[in-house]
Every structure is written in structure tokens, then in C-alpha cells.
Amino acid sequence: MMRQVLPRRARRGAVAVLTALLLVVMLGMIAFAVDIGYILVARAEAQNAADAAALAGLGKLVDRMKAAKLTDGSPVQSQTDLDMARSRAKAYAAKNTVAGQAADVKDAEVEIAYMADPYNQTTTSFDTSGWPARPYNAVRVTVTRDGSHAGGSINLFFAKVLGYTTADVTATATATVAMGTVTPKGNSASGHGGLLPFTYPVDQYHALLRANAAGILTVGTDIIPVTDNYKVDTSQTGTTSVSSGSDGLMEFKLFPDATSPGNFGTINFTKDKSSNSTSTLRDLIQNGPASADWPDLADIVKATSANSVSVNGDPGISAGMESAVQSIIGQTRVLPLYKTVSGNGNNTFYEIVEFVPITIVAVDLSGGNKQILVQPRMAAVRDLIDGTNRLTFDITPSATPNLMFLGYRSLVR
């Protein structure tokens, strides 16, 4: 029996059609891979530009605050300071490219305000109220490549096959310096607390902060001479940072003024009576108290007006301290303030309520006019206080900050 052989169907061209269809899919995939990758690279470049710009703008803002005149314990921040920070941010953004084009940042895209809780990622609030009494501490920069910025939107490659010719990219960065409630520290392996073994009346100190010219202040029954004979270069440290001249920041005499019979305002970092030698006091002046050597220090540094801590006074020997004080001229230090004083001599106790940053500008403890002169000073964490050590303290962010202290600078968004 013979089988019937059917004619073979012609299938010529079927593979070509399938290949053509697959090529379209492959081209789409290539467009997706290449152009999406290009967009992601451009977005990363925009983010780098925004990061650099925000940090640079904040750096200028902080530098201006540290060099500003203090009015009633607050650095005077002006519109010029904000403009300079904005210009610095834009300049640093332009040093970066986004898809081959220098980042173009407009004035409105550099925002400057106050962030009360910058580390709280659930809020992005930028508070512009309360300025300039409460200085701004944050800079937010937006970097964009689109039709309204230099270079225009980013041109795509293979995606044109699918009808997409351009794409826009944007990135935002926020840099802040922490401001808030301050807790000083003693010296430890992690840093230098900068605490001085001196104390000063809190009411007199705040009266001095309100002084805007040299002269005589009367606080209660106390007569306080105020001078403006020294200026401090905040970009330097040590004796070279202090020179003769006026800088609008008033000096006052820290020591020696009799606060009680036999005591002139030097303290031990103890809550009980303690006897220390001149060498111990000299070491405290130069190096500050080490947390390991002063067990009460952990409680003392928490002193506030609502939670004062009583510390023991040290009679001190003025001439024996002079070389130690001389060695820290120009350095940023932290001064305890007291509300009341009781007792006498080595039985003196001071009610500590606050800590403030100061700079010693002059000392003479061996002549006829014994004095240690200091200026109020804004302090920033990690400020170099000598050739090796840097200042350290804790800051808890707050909407009502201690305006004399600046914490760490960081990118928070």
C-alpha cells in the first residue's frame, strides 16, 4: 500500500518576522537599561551637588555666627549672613556637574531656616519664625536638571524609539548644625570638656551680655567695669588669636573678686568639702577636670536654674595660677555660673546653675592690678582649643536652644 506524500509547506520568512519582533523588545530593553542607568547616574550627580552645596552653605552660616557680635547672649545673624551662605551654596553646587552640565541652582532653591529636631526623620519642618532672635541653623538645597535650568532636561538615547526624548532629575539635601540644651562634659578619652575651675555670678554675666559699650554696669549693689580693649580672631587658637583693639565684644574681670571671706571664685569639682593644692588648681586650669578623677562631675555638669548643684570653693593662690592661665589665653573654655554663695574659705559653696563659653584675653596675677579678663564666646563642638585637644559637650535639640553653643554639623536629609 502506497502512502500519500503531502507537499511541504513553505515557511520561508517566519524566522525573520519573529526576529524583527524580538528586536523591538530587545531595543526596548536596551533603551530601558541604558537610559534608566543614565538617569540614575545623573540623579546621583545631582545628589552629590546638593550635598556639597548644603554643607558649604551651612559652613558659611556657622562661620558667620561664630564671628558675630553677641547681643544678650545671641549671635547677631543678618540678611547679609544669609546671602553669603546662599552664595556659597550656589558656588559649590556649580563645582559639580549633572549629566555634563554644571549644576544650576537658583536663589529660591537655597532655603535657610531653623530645624528644632533635625535628627527626627518624621518631620521636614523648616521654621522661619523667630528670626533673627533665634538664628537659623539649617540650609536646604535643591538641584534640578529640567527645562528651566541651564542645560535643560537630560537627553535620552535609545528611549527615543519608544517616544521618550528627555528626562528631568532633581535632588535635595539638608545640612544642619545642632542647637539646643547643652550639657558640658569632663575630660575623657573621647574629648576635652574645657571646664574652668572658676565661677561667676549668673545675674552679672547676663547683665554683661546686654552691654553694648564699654563703661560701668550696676547690678544690684555691685559695680562692674566693662571694657572693649581686646579682639579675638575665631579662626585661630591660642595667644596669637588675641590682639589689642575693639571687636564689639565686652570684656569683664573674672578673677579675683571676693565672693565670700577667703574665697575669690575658684572651685573644686566636688559637692563636699575638698582640699587641693595649687598644683591641682593649676592642672584644672590648663587641662580641665577628668571625669575619672572627679566622681561628682557627672552630677555637677547637669546643673540648671531649675536643678542647681552646690559645689565646693577652693581658696586658690592667685600668683601661683598665672602661668597656667597665661597658657590658655585665646582658647575656648566653659565657665560655670552660680546663683548664690555661702560659707567662707575652704568651706565656701557655690550654687551652680549654668555653663557658658568664654575666652580668656588677658591675665595679671602678680602685679598691683590683679585680674583675669574674659570675653563671652560662642563655642562649637570640636573647636580646637589648643594644639591637640578639641572641645566637646552634648546637645539635645530644642526649639528654644542655648544660643551660645553649636553642636555637630551633619547632612540630615
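The values are calculated or read from the model by the stated rules, or taken from the named source; none is laboratory data. It should be emphasised that the depicted structure is a prediction, and the values quoted were computed from it without experimental measurement. Neighbour counts are summed over all protein chains in view; Cβ atoms, including those assigned to glycine, are modelled from backbone coordinates with ideal geometry.
Just wondering, is there one or more residues in the range 385-394 that are more than 24 Å from residue 243 (Cα to Cα) and touching a Phe, Trp or Tyr at 6+ places or on another chain (Cβ under 7 Å)?
Yes, the range 385-394 contains a residue that is more than 24 Å from residue 243 (Cα to Cα) and touching a Phe, Trp or Tyr at 6+ places or on another chain (Cβ under 7 Å).
Let me spell it out: the conditions are (1) farther than 22 Å from residue 173 by Cα; (2) of a type in the set (S, T, N, Q); (3) not in a loop (DSSP other than H, G, I, E, B), and residue 47 meets all of them except one. Which number is the exception?
Going through (1) farther than 22 Å from residue 173 by Cα; (2) of a type in the set (S, T, N, Q); (3) not in a loop (DSSP other than H, G, I, E, B) one by one, residue 47 breaks only (1).
Please determine whether any residue of the range 326-342 is farther than 22 Å from residue 187 by Cα, crowded, with 16+ Cβ neighbours inside 10 Å and in contact (Cβ under 8 Å) with a residue 12 or more places away in the chain.
Yes, some residue in the range 326-342 is farther than 22 Å from residue 187 by Cα, crowded, with 16+ Cβ neighbours inside 10 Å and in contact (Cβ under 8 Å) with a residue 12 or more places away in the chain.
All but one of (1) closer than 30 Å to residue 50 by Cβ; (2) among the β-branched types (Val, Ile, Thr); (3) at pLDDT below 90 hold for residue 388; state the number of the condition that does not hold.
(1)
Of the residues 217, 195, 209, only one is modelled with pLDDT of 90 or more and of a type in the set (A, V, I, L, M); which?
Checking each option against the conditions leaves just 195.
For a quick check of your reading: which strands (runs of 3 or more DSSP E) sit entirely within the range 184-257 and have at least 1 residues that are out of contact with any helix residue (DSSP H, G or I) (no Cβ under 6 Å at 6 or more places or on another chain) and either among the aromatic types (Phe, Trp, Tyr) or closer than 30 Å to residue 295 by Cβ (or both)?
230-232, 252-255
Does residue 377 meet the test of being basic (Lys, Arg) and farther than 26 Å from residue 173 by Cα?
yes
Given (1) of a type outside the set (Asp, Glu); (2) within 32 Å of the chain's Cα centre (by Cα); (3) more than 27 Å from residue 79 (Cβ to Cβ), where does residue 174 come up short, assuming only one miss?
Result: residue 174 passes all but (3).
Would you mind finding the one in 323, 318 that is among the hydroxyl-bearing types (Ser, Thr, Tyr) and without any contact (Cβ under 8 Å) to a residue 60 or more places away in the chain?
323
Tell me whether the range 103-112 contains one or more residues that are in the same structural domain as residue 175 (by TED's automatic domain parsing), under 30 Å from residue 251 (Cα atoms) and either in contact with a Cys (Cβ under 9 Å, 6 or more places away or on another chain) or among the basic types (Lys, Arg) (or both).
No, every residue in the range 103-112 fails to be in the same structural domain as residue 175 (by TED's automatic domain parsing), under 30 Å from residue 251 (Cα atoms) and either in contact with a Cys (Cβ under 9 Å, 6 or more places away or on another chain) or among the basic types (Lys, Arg) (or both).
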